[in-house]
Amino acid sequence: MAYPEPIEALMSAFERFPGIGKRTAERLAFHVLRDPSSIGLARAIERALAEAKRCHECGNVAEQDPCRICADPERDRAQVAVVEEPRHVEALERARVFRGRYHVLMGAWQPAEGSDARHLAIGPLLQRVQQGTITELILATDPDAEGEATAALVLDALESLGPLTLKVTRLARGLPAGAALEYMHRGIIEDALAGRREVHLRP
Ligand SMILES: [Zn+2]
């Protein structure tokens, strides 16, 4: 049995969110119908889409373009940490152990789920690399299967550029396997950064 079309449309809109299956999409859609204040959600989404900016340099979401970090002359241009999501920038900033800049991929690659890597901001990263100001690229993706797959994808893309003079490093393996960067204690992030190891690109 199908629901009336507008409800089906709302359900399929929810189903496009990460981690939302059919059942949850159905529950959310009926919650929206029951609760008249849900219209606030529609407005919040509209506002976020219209007003939230993406920094053209690092790809992070920001209130201004370039973002606060890219606009800061004190931040080292030569060192760039490649992270999956804006929340990872927040985690590293909270730890206050990194004075370089960031590149936000806006997602991770999940090959097991057949996910598409095309939405990841790898192209803009290659452009930044080709500008020649970066001397070290730190792959700071999560130490889980998706983070490793994403790091491997970035490495492949870098290798496709041909010989590069920059150094590529990966956060130290001292990180608890499968742990998410955002939940790590400051000391652990500090150790992971300090103990980062070089990843050699295939010539
Ligand atoms: Zn930025």
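Every read-out reported here was derived from the displayed coordinates using simple, explicitly stated rules and does not represent laboratory data. Quick caveat, the model's predicted, so the values are computed rather than measured. Positions of Cβ are backbone-derived with ideal geometry, glycine not excepted, and every protein chain shown enters the neighbour counts.
Pick from segment 1-24 the residues that are surrounded by 13 or more Cβ atoms within 10 Å (Cβ to Cβ) and under 25 Å from the mean Cα position of the chain (by Cα): which of them is farthest from Ile45 (Cα to Cα)? Here the residue is Thr24. Of everything listed in (1) touching a strand residue (DSSP E or B) at 6+ places or on another chain (Cβ under 7 Å); (2) within 20 Å of Ile189 (Cβ to Cβ), the single unmet condition for Arg96 is (1).
Need a quick list: helices (runs of 4 or more DSSP H) entirely within segment 1-110 having at least 1 residues that are farther than 22 Å from Leu155 by Cα and within 16 Å of the ligand (Cβ to nearest atom).
Numbers: elements: 5-15, 22-34, 39-51, 86-95.
Hits in segment 1-110: 86-95.
Condition check ((1) under 23 Å from Arg186 (Cα atoms); (2) not β-branched (Val, Ile, Thr)) across all residues:
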| site | (1), (2) |
| --- | --- |
| Asn60 | yes, yes |
| Leu125 | no, yes |
| Arg128 | no, yes |
| Thr133 | no, no |
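Anything in segment 111-131 that is within 16 Å of the ligand (Cβ to nearest atom) and charged (D, E, K, R)? List them, or say none. The one that is within 16 Å of the ligand (Cβ to nearest atom) and charged (D, E, K, R): Arg128.
Scan segment 153-167 and give yes if some residue there is among the aliphatic types (A, V, I, L, M), surrounded by 15 or more Cβ atoms within 10 Å (Cβ to Cβ) and touching a Gly at 6+ places or on another chain (Cβ under 8 Å), otherwise no. Let's see the steps before the verdict.
Going residue by residue through segment 153-167, those that are among the aliphatic types (A, V, I, L, M) are 153-155, 157-158, 161, 164, 166.
Pick out the ones that are also surrounded by 15 or more Cβ atoms within 10 Å (Cβ to Cβ) and you get 153-155, 157-158, 164, 166.
Checking which are touching a Gly at 6+ places or on another chain (Cβ under 8 Å) leaves us with none.
The answer is no; no qualifying residue exists.
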